[in-house]
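The values are calculated or read from the model by the stated rules, or taken from the named source; none is laboratory data. Because the structure is a prediction, the values reported are computed rather than measured. As a convention, Cβ positions derive from the backbone with ideal geometry for all residues, glycine included, and neighbour counts pool all protein chains shown.
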Amino acid sequence: MVGSQSPFRCALCRVNGHLQPIDASGQSCGFSSGPPCPACSELKNVDDKIHDTETILQKLLEQRNVLKNKLNWYNDRLTNRLPLEVVARIFGFTIKQLPFYQYKAGASFQHPPMWNSYGHTPWTLAMVCKTWKDIIWASPQLWTSVSINTAYIPTAYVTFVKEWLGRSGRLPIDLTLYEGCYNDPNYISKKASVLKGLFDIVNSSSPRWRSLTVSVCDQQLTYLSGDGSGRWKLENLHFEPFQGWRGEIRETSVFRPLIQPAPTKVSVFRVHFKSIGVVWDRVTHVDFFGCPPINCLAALSHAPQITHLTFVGINDNYGQVPAPLQPIVHEHLQFLKICASFESIGHLLDSLTLPSLHELYIPGHLSQAAALVARSACRITSLNVEEHFTSQHDPERDLLDLLVQLPSLTQLVLKKPHLSDTFFDRLGPYDVIEGDPEFLPELRSLEITQCAVSFQWQSVARMFEPDPEVPELQPRRALKSLKMTDLEVTSGGDYNYDSDSSDSSYGEHRRRRPEPLQIPQEVVRSLLKIEDSGVEMMITDDSYHDLLPWI
């Protein structure tokens, strides 16, 4: 007979193989009609035993798999002790979610095929055991963070994306679209029909988009349109640079859906305001990275509900803000952050009236900021200033003039400031003039960084002294935190602020080190006593050496 090919594994070479089929029916034994020879009979008996053993082994293997599942259940401290709803919730905290920050799509997804990497998906946990897999497969809330590589689009991947979106059920999703590396061997031309099919699947899920992060080229953006129903739930919209981006400001429309959504948060990188196809009526948070300065005025003019506005990485090469005809009055803006270096920032500040402003981050232009505060009659509680010396003849005087108008200030951060004893004396009890308002009476936190030390350390300690007229009273200073970091010694404060200097020349000045930076011992003792009284204190030089050692 012809025996079945029975699989076996060699104990020496570890190679899987099959038993050689041998005819043991007796037809080839040399006897025309007699029974099989003894060898054929014995071989048949052995083959029958092998078959019976294989059957037993298969049943044992099946039983072993059942016992493995039971073993997992008995030893799993989650699934055998907690309700499945609680387990699924724990899994939701465990799965690494896709964070929202600049360059996310470009930095996190450079190595396709991303769908073979389980780092950001539920598959990591689903691979542990069958019980966990069943729970994850039955929990649509674990599938709501979806990232799609639009450059890696074989047909199998398109099917994979469709299944991924389907597993989230009808729940809102956080969607990231990124265009991977162009040297991917599976890269398909942008005009390929399979790419259009991929975006058709993506667009069909648009009523469920809760957040959308996009890092693709302009050609692919033309496919991003939504499903046309207008049933938007979109709250967060992010446009980031893609792999093939050359650094220019994108003039073309980056998002033109059939019916515009009305998100609450918008973050864009080097995009003109007019190219963003959204309804601005509900927008409360806007971040512009490397965008034209005029975007700021456009956003405030078209988005009446904005409370937080951030400008980062802008200079005059992107176009200047024209001198204002009349200030733009915005009733709701509470947070304004400008991290940029451009001359027309003065015009920008002159263009605004912000009565609800609480937090302000500015790169110099202190006189314009003081005018903004006076014009707006706002209660600033947090001020962050990074000084630039391109046009300030007396930056310390400009800073003090601004601070005089901020009696409600509780937090002050100064980066690269020019400070003398005058600044610290104003914060102490010795500079109070009868009838004048108290200087920064509510200040709780003061942080100074990258400052050239051109003041006497005694003036720092004097900030915390009691009123000399009423010494029995506690110090009037409400300050509870003082941090002075990255400090450098100067050669007598000889930096010429009247010169047309730049940040780079200021840096050269700060690198002069005639002597190590030290605090006199008697001042150290005073500061340590102040620290013991409950004031958080940190003072370090530019090498991060602690200047307040215990003595």
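Consider residue 387 carefully, then state whether it is in the same structural domain as residue 442 (by TED's automatic domain parsing) and out of contact with any Phe, Trp or Tyr (no Cβ under 8 Å at 6 or more places or on another chain). Don't jump to the end; show me each part of the working.
Details: in the same structural domain as residue 442 (by TED's automatic domain parsing): yes; out of contact with any Phe, Trp or Tyr (no Cβ under 8 Å at 6 or more places or on another chain): yes.
Criteria met by residue 387.
Could you tell me how many of the residues in the range 287-340 are closer than 22 Å to residue 374 by Cα, of a type in the set (S, T, N, Q) and at pLDDT 90 or above?
Here the count works out to 3.
Specify the residue that is surrounded by the most Cβ atoms within 10 Å (Cβ to Cβ); the eligible residues are those in the range 350-403 that are β-branched (Val, Ile, Thr) and touching a Pro at 6+ places or on another chain (Cβ under 8 Å).
If we take residues in the range 350-403 being β-branched (Val, Ile, Thr) and touching a Pro at 6+ places or on another chain (Cβ under 8 Å), then 385 is surrounded by the most Cβ atoms within 10 Å (Cβ to Cβ).
Please count how many residues of the range 240-266 are surrounded by 21 or more Cβ atoms within 10 Å (Cβ to Cβ) and modelled with pLDDT of 85 or more.
3
Residues of the range 381-397 being at pLDDT 90 or above and farther than 18 Å from residue 481 by Cβ, which ones? Steps first, answer last, please.
We begin by selecting, within the range 381-397, every residue at pLDDT 90 or above; these are 381-385, 397.
Once the filter is applied, which keeps residues that are at pLDDT 90 or above and farther than 18 Å from residue 481 by Cβ, the range 381-397 yields only 397.
Looking at 469, 438, can you tell me which residue is modelled with pLDDT under 90, assigned to a loop (DSSP other than H, G, I, E, B), among the charged types (D, E, K, R) and closer than 19 Å to residue 380 by Cα?
Of 469, 438, the one residue that is modelled with pLDDT under 90, assigned to a loop (DSSP other than H, G, I, E, B), among the charged types (D, E, K, R) and closer than 19 Å to residue 380 by Cα is 438.
Within the range 124-143, track down each residue that is part of a loop (DSSP other than H, G, I, E, B) and within 24 Å of residue 234 (Cα to Cα).
139
Could you please give the count of residues in the range 326-339 that are buried (at least 21 other Cβ atoms within 10 Å of the Cβ) and part of a loop (DSSP other than H, G, I, E, B)?
Looking only at that region, the number is 2.
Tally the residues that are among the aromatic types (Phe, Trp, Tyr) and surrounded by 12 or more Cβ atoms within 10 Å (Cβ to Cβ), restricting the search to the range 36-88.
Residues that pass the stated criteria total 1.
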